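Some notes on the structure that comes next.
No lab work stands behind these numbers, since they all come straight from the coordinates. Please read all numbers here as calculations on a predicted model, not as lab measurements. Because the Cβ atoms are built from the backbone with ideal geometry, glycine has one as well, and the counts that use them run over all protein chains shown.
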Amino acid sequence: MTTTATLTAPTPTDDDVLALADDVGRAAAPTEADHDRDATFVVEAYARMHENGYLRLAVPRELGGLGADIRQVLLAQERLGTWSGAAALAATMHLYLTLVQRWRLRRGAPDAERALRRVADDGLVMATSGGSDWVCPTTTAVEVEGGYRLRGRKTFCSQAPVAGVISTSAVVGEPGPGATVLHAGVPLGGSGVSIVETWDTLGMRGTASHDVVFDDVFVPAAAVTGTRPYGVLTGPLLVAAMHFALVGGAAYLGVARGACAEATRLLAARRDRAPAAVRAVGEMTARLATARWALHGALADVGEDPAADETTLAAVMTAKRHAALEARAVVDTALEVAGGAGFFRGRLERAYRDVRGGPFHPLTPEATLQLLGERAVAAGP
């Protein structure tokens, strides 16, 4: 097993990060079905992540992390997804925020180093409510002396049971055009913050993405990381979206890769293999390859330190769209290859449900096409 103690090189190798993901996956796999059935959090996976350093994968080495680059984060998340979709997606929400803080650190954000050191030194887990109300939050912020008072409710807050802080947004005053949206980090253990266990869903049930309620929660002005206009994807939300897309896409691609492996194993055990089933395995293999190329190709285009602009957003969201849709197609095909065995509750059935979550993350596949179409029309022939 590769652990943080053995990572002595300036940066981890690809084999290092894959070994870390496998280590977490082996811890998660035995209880994956239990957490899926009961909609309970993947605690075993997170215990191992704390032990082997997976949660500080993208924290710079000089700040106490492992120093993995974004490409290696994608490799690790895809591998973890083959073991546990819920563990991979939950970790995505923390890892992409780590990448956001690293991006902010390069631009001199005064609080970014502190956040990254807390991840490395204190085991801080970061959560997000970014997919809850997206560009038009209903949570409100009232300006008071020294900061703001937040009121409202956020959904889809993955890792809520174990996170120490949530990256969230609120409208200053009444929601609507012309209003200002602030983004801030809010401690989940603070006064007025509560978690309501609402997560009873089709798939990704082990992520425990419960609701978070803010009841007159004080947020100091220093905790505000930025603002943007209401209804506009820009500023802190744009930075978050462009870092989430590829990491989230890798997690769903991993689920599909695991389903393909399971269906192939079942087919290989048969004496009489229908040519159509063998061809279907070839189709899954091709889809997985092109989806990975999409994610890594988009990363090659935008780079490790991307600009926060619409060009970056279009590139990474195109790749995420492809990965999410191909993951769904691959798992559907895996069930066909498995035949009746795939209809029983188990790894394939769980993967079938888990990949259904991919298209829901903003930008949705249709919203991505709308963005690409608008850019093409604006650019002209």
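Data for the structure
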| quantity | calculated |
| --- | --- |
| For region 18-31, 3J(HN,Hα) per residue [Karplus equation, 6.51 cos²θ - 1.76 cosθ + 1.60, θ = phi - 60°, Hz, x = Gly/Pro] | 5, 5, 4, 4, 5, 4, 5, x, 5, 6, 7, 4, x, 10 |
| Gain on full stretching of the segment that runs from Ala378 to Thr155 - 0.36 nm per residue minus C-alpha separation | 76.8 nm |
| Region 30-176, relative contact order [Cα under 8 Å, separation at least 6], % | 20 |
| Phi-based couplings in Hz for region 305-321 (Karplus 6.51, -1.76, 1.60; Gly and Pro marked x) | 10, x, 6, 8, 8, 5, 5, 4, 4, 4, 5, 6, 6, 4, 5, 4, 4 |
| Antiparallel bridge percentage (DSSP; both residues within region 128-229; nearest 5) | 90 |
| Among 170-181, 130-141, 332-343, 56-67, the order from most to least packed when residues are scored by Cβ within 10 Å on average | 56-67, 130-141, 332-343, 170-181 |
| Charged-residue dipole, Cβ positions (Lys, Arg, Asp, Glu), region 27-117 about Cα centre, Debye nearest 20 | 600 |
| Those residues of region 106-120 whose amide nitrogen sits under 11 Å from the label point placed on Glu62, 7 Å along Cα→Cβ | 106 |
| Choice from Val196, Val247, Val355 with maximal GNM fluctuation in the chain (Cα, 10 Å cutoff) | Val196 |
| Expected-Rg normalisation [2.2 N^0.38 Å, Cα atoms] applied to region 293-358 | 1.47 |
| Backbone HN-Hα couplings from phi across region 100-117 [Karplus 6.51/-1.76/1.60, Hz, Gly and Pro as x] | 4, 5, 5, 4, 5, 4, 4, 9, x, 4, x, 9, 5, 4, 4, 5, 5, 5 |
| For the chain, calculated [θ]222 nm from helices alone, where every DSSP H run of n ≥ 4 adds -39500 (n - 2.57) | -17000 deg cm²/dmol |
| Value of relative contact order over region 235-379, rounded to a whole percent, pairs C-alpha under 8 Å and six or more apart | 36 |
| Amide hydrogen neighbours beyond the local backbone of Ser194, cut-off 5 Å, H modeled | Val213, Asp215 |
| Rounded to 10°, Cα long-axis angle of helix 275-302 versus longest principal axis of the chain | 30 |
| Ala307 versus Ala269: modelled label distance in nm, points set 7 Å from Cα along the beta carbon direction | 5.3 |
| Contour minus Cα-Cα distance for Ala47 and Thr290 (0.36 nm per residue) | 84.1 nm |
| Computed FRET value (nearest 0.05) for Asp215 with Asp34, which takes r as the C-beta separation and R₀ as 51 Å | 0.95 |
| For the chain: relative contact order, % (alpha-carbon pairs under 8 angstrom, 6 or more apart) | 16 |
| Selection from Ala88, Thr31, Leu55 lying farthest towards where the dipole of region 1-97 points positive, charges on Cβ | Leu55 |
| Kirkwood hydrodynamic radius over Cα pairs of the chain, then Stokes diffusion coefficient at 25 °C and 0.890 mPa s, in µm²/s | 116 |
